[in-house]
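First the structure, in the form of structure tokens, and then the observations on it.
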Amino acid sequence: MDVTADSLVARAARELSADADELVADVERGLRREVPELWADPEIARVTTRNIAEHIAAALDGLEHGVEADRIPPPAADLDRARRLARGGVSVTAVLRAHRLAQAIALDRVLAALPRLTTDPELISAAARRLTEVATGYVDRSSERGVVAYQEERDRRLRWRLSVVNDAGLRIGTTLDIARTTQELADFATEHFADRACVDLLDALLHGRDPDRQPPVLRRIAQRAKTGAPTDSSYAARRTDGPDHPRGPDGDPPPAVAPQQLHTYPDGSPPARVLATGQPARLPADGLPGEGHSTLVVPLRARGATLGVAQFSRDGSSEPYDGEDLLLAQEIATRAAVAVDNACRYTHARATALGLQRSLLPARTPEQSAVDVAYRYLPAGDRLGVGGDWYDVIPLSGARVALVVGDVVGHGVHAAATMGRLRTAVRTLADIDLPPDELLTHLDDVVLRLSAEAATDPDDDAAEIGATCLYAVYDPVSCSCTLARAGHVLPTVVTPDGVHRALDLPPGPPLGLGGLPFEALEVQLPEGSLLALYTDGLIEARDHDVEAGLTRLRQVLARPARSLDAACDTVLDTLLPERPADDVALLLARTRALGDDRVAGWDLAADPAEVSRARSRVAAQLRRWGLEDLEFTAELVVSELVTNAIRYGRPPVHLRLVLPDPEPPAGPGAGHGRSLLCEVRDASSTAPHQRRARSDDEGGRGLHLVAQLAERWGTRQTRVGKTVWAELNDTAGAFPDFGDLSAI
């Protein structure tokens, strides 16, 4: 039988088929040396090895049977493997190089076999040409088909990845809440590319501190698993036999980390390395019970700082993660990290602003006997959550009390700081017992000065400072309340018989306008009346106007309540959504009355002989009230005050004693006994001043003595004249030891 080039090629192919494993090994060694990226990933390496073996088998079979190059059937899984290489991130250049290199190695082996089968050089040359033609045609055809499938898969994956990343941008970070943002990341991952997901953040970060512990302490913020999958397969909070092989106490699956649980990662574990280096990791299946088929560990980094780590796992029923999956997880984690960082910054800024505002608001109401009070402050739900709303309860002389509610225009730390300055100013002005209308006039000047200072600061964006304020003074002796407002909403009063109404105060301009007057209104409030002071955030809303809000407020206040605190809660629950659009300050005060049994007064003649009679009347009254321990001190104080009024003041002179508390306060927290107020009023507007008397002065020691004996003392101006007052306490009833009095 004549030997042809085709038959010679077939014989050579048949001979090599018997040693196909050796040929496959040669090709694999050449590819490992020349195209190492095909062996960087174990899964890609397995795909490459199978592809080499099946392509060589197909080519040898076609050569053995004389099949034309375009008719040699490629391996059935050839296109699927090309797609797998595309998903694995292998470059198309590496794929083509692998085809050509494998062709060259296999072709050399076949050509080397031809001289062993014949010595005819012309036949060998013809067979070599035939062999090169078929091999080149087969490789060209299979590589072209593979590149088309590769590119289609790359395009499809790119479109899918862009779609997923865009969807992640819409669904992750919808709020400035840290827990919700991280849970959105875990939920999104399990919907698109993971069977389980968990997110851990550095605990120090959540508290606004820099991580200072090694290993760093993390908190499990979010986790999610598909139905039927274990809720946790992360490396956290586990005992380890080695850095990458977690075990339970007896080799059992490691315990899961509960949400909000603090934990650390073992040294050398993948999450620990990711946290230390900031580089993601793709982990193949390790065969541990309960572990995922493969895992992605991705750092959450934003603005150059590592915030935590996210872990995404797939079980054995899903395709293992590849390089494209890792890139996708990185992109999504990066977007989520920015959202988490924004949420952390917002949370810290809001906590700082709220802390500032809480420090500027009264921590507790001071002791006073004029009213029972309850109050609430509710920050706004948007922006920084703080504003310039404030309230205050200020004890005044004569058992009176000042009730204040105000609102600085704007939100944020600047408004809170301005609120603190205005609250301090109000307290300072209240200490000198200014009437409400005069106090607001002085407060208006303060706001004008603050605005002028802000206008000169180029870094201050809030040069215009505006505020509203309502200032009320209640006197439990006369049951009268004097109120004035500066652009503030009207207060509401509910009388003991259930009648509710808004007090129609004279209008006053907002603070900061300047040059306009304020007017005060005096009303009688029977004992047990409920006075409600509040800011506009309580009654204004998008779904109703102010009048509707006032009507609802009055209806709620008219309902019986167990206590004032319960009434405050009912008002807020009824009128406000969970997160109001504006700050809300609410102050409720139920009035008390000091009856004739707790007030005693006498008109005194402008005669020095009245001083001794005044002392006798005071002593008798104190015995009736059971305050014998205060007799000596009270007689001394009254004697000095009456003497000054007769000597330096103008008639009429009036002496009044007020007993705010008929019984001493009970309980371990009661720091004071019963108080006694001594007041002397005369028609002169000249106020006395304490001074240090020289050794040769005949006077000037009386007020010094009063200041030593009294808890507090002072002077307040009235419509006609002044009142000098002193507050005594029966726990300090013993006469103090002054030591050497020669200096005074």
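Some points to look at:
- In order along the stretch 109-121, the phi-based Karplus estimate (6.51 cos²θ - 1.76 cosθ + 1.60, θ = phi - 60°) of 3J(HN,Hα) comes to 5, 6, 4, 5, 7, 5, x, 6, 9, 7, 10, 6, x Hz; Gly and Pro are listed as x.
- Taking a quarter of the surface of the Cα convex hull of the chain gives a mean projected area of 50.6 nm².
- In degrees, nearest ten, helix 413-431 long axis to first principal axis of the chain (Cα): 10
- In the chain, the portion of solvent-accessible area held by carbon and sulfur atoms comes to 50 percent [1.4 Å probe, whole percent, DNA, RNA and ligands not counted].
- Near-label residues of the stretch 119-152 by backbone N, under 18 Å of a point 7 Å along Cα→Cβ of Asp6: 123-138
- Length added when fully stretched, Arg712-Asp573, from 0.36 nm per residue minus Cα-Cα: 46.0 nm
- Nitroxide proxy distance, nm - points 7 Å out along Cα→Cβ at Asp545 and Ser125: 10.8
- Between Val92 and Asp497, the simple spin-label model (points 7 angstrom out along Cα→Cβ) gives 9.3 nm.
- Theoretical gain in end-to-end length, Arg552 to Asp504 [0.36 nm per residue, Cα-Cα removed]: 15.5 nm
- Residues with amide H under 5 Å from that of Leu396, placed H, sequence gap 5 or more: Val401, Ala402
- In whole angstrom, the stretch 422-538 maps to an equivalent ellipsoid with semi-axes of 30, 15, 11, each derived as √(5λ) from the alpha carbon gyration tensor and ordered largest first.
- For the stretch 330-405, the solvent-accessible area of protein heavy atoms averages 36 Å² per residue (probe radius 1.4 Å; ligands and nucleic acids excluded).
- Of His689, His55, His500, the order by accessible heavy-atom surface (1.4 Å probe, DNA, RNA and ligands excluded), from most exposed downward, is His689, His500, His55.
- Amide H contacts of Val653 (H built 1.01 Å from N, in plane; Pro and chain starts excluded): Leu604 sit under 5 Å, all sequence-distant by 5 or more or on other chains.
- If R0 is 56 Å, the Cβ-Cβ spacing of Leu327 and Ala452 corresponds to a FRET efficiency of close to 0.45.
- When the alpha-carbon atoms of the stretch 565-666 are used, the pair Rg, Dmax equals 22.3, 67 angstrom.
- With R₀ fixed at 35 Å, the C-beta to C-beta distance from Ala687 to Val413 puts the FRET efficiency at about 0.30.
- Cβ-derived FRET efficiency at R0 25 Å, Glu519 paired with Arg364, nearest 0.05: 0.15
- Most tightly packed first, judged by the mean number of other beta-carbon atoms within 10 Å of their residues, the peptides 86-95, 116-125, 474-483 read 474-483, 86-95, 116-125.
- Rounded to the nearest 500, the 222 nm mean residue ellipticity of the chain from helices alone is -14000 deg cm²/dmol, with -39,500 (n - 2.57) taken per DSSP H run of at least 4 residues.
- Between Arg421 and Asp267, the modelled label-to-label distance comes to 5.4 nm, taking each label 7 Å out from Cα in the direction of the beta carbon.
- In this structure the amide hydrogen of Glu711, modeled in the peptide plane, comes within under 5 Å of the amide hydrogens of Glu727, Leu728, Asn729, none closer than 5 places in sequence on its chain.
- Added length on full extension, which subtracts the Cα-Cα distance from 0.36 nm per residue, Thr227 to Trp39: 64.2 nm
- Phi-based couplings in Hz for the stretch 713-719 (Karplus 6.51, -1.76, 1.60; Gly and Pro marked x): 8, x, 9, 10, 7, 10, 4
- Accessible-area rank, largest first, for Leu101, Leu443: Leu101, Leu443, with all protein chains present and a 1.4 angstrom probe.
- Each residue of the stretch 164-173 was assigned a 3J(HN,Hα) from its phi angle through the Karplus expression (A = 6.51, B = -1.76, C = 1.60, θ = phi - 60°), giving 5, 5, 5, 5, 5, x, 7, 9, 10, x Hz with x at Gly and Pro.
- Taking the longest Cα principal axis of the chain as reference, the axis of helix 178-192 is set at about 20 degrees.
- When peptides 369-380, 185-196 are sorted by average Cβ neighbour count within 10 Å, with the highest value leading, the order is 185-196, 369-380.
- Two-decimal Rg to Rh for the stretch 324-427 - Kirkwood Rh, Cα set: 1.26
- Packing-based ranking, highest mean first, of 4-12, 609-617 given that Cβ atoms within 10 Å are counted: 4-12, 609-617
- Nearest 10 degrees, 0 to 90: helix 546-558 Cα axis against the chain principal axis: 70
The values are calculated or read from the model by the stated rules, or taken from the named source; none is laboratory data. If you're wondering where the values come from, they're calculated on a predicted model, not measured in any experiment. All Cβ positions, even for glycine, are placed from backbone atoms using ideal geometry, and neighbour counts span all protein chains on display. Protein only, heavy atoms only, side chains kept; ligands, DNA and RNA dropped before computing areas. Shrake-Rupley method; radii C 1.70, N 1.55, O 1.52, S 1.80 Å.
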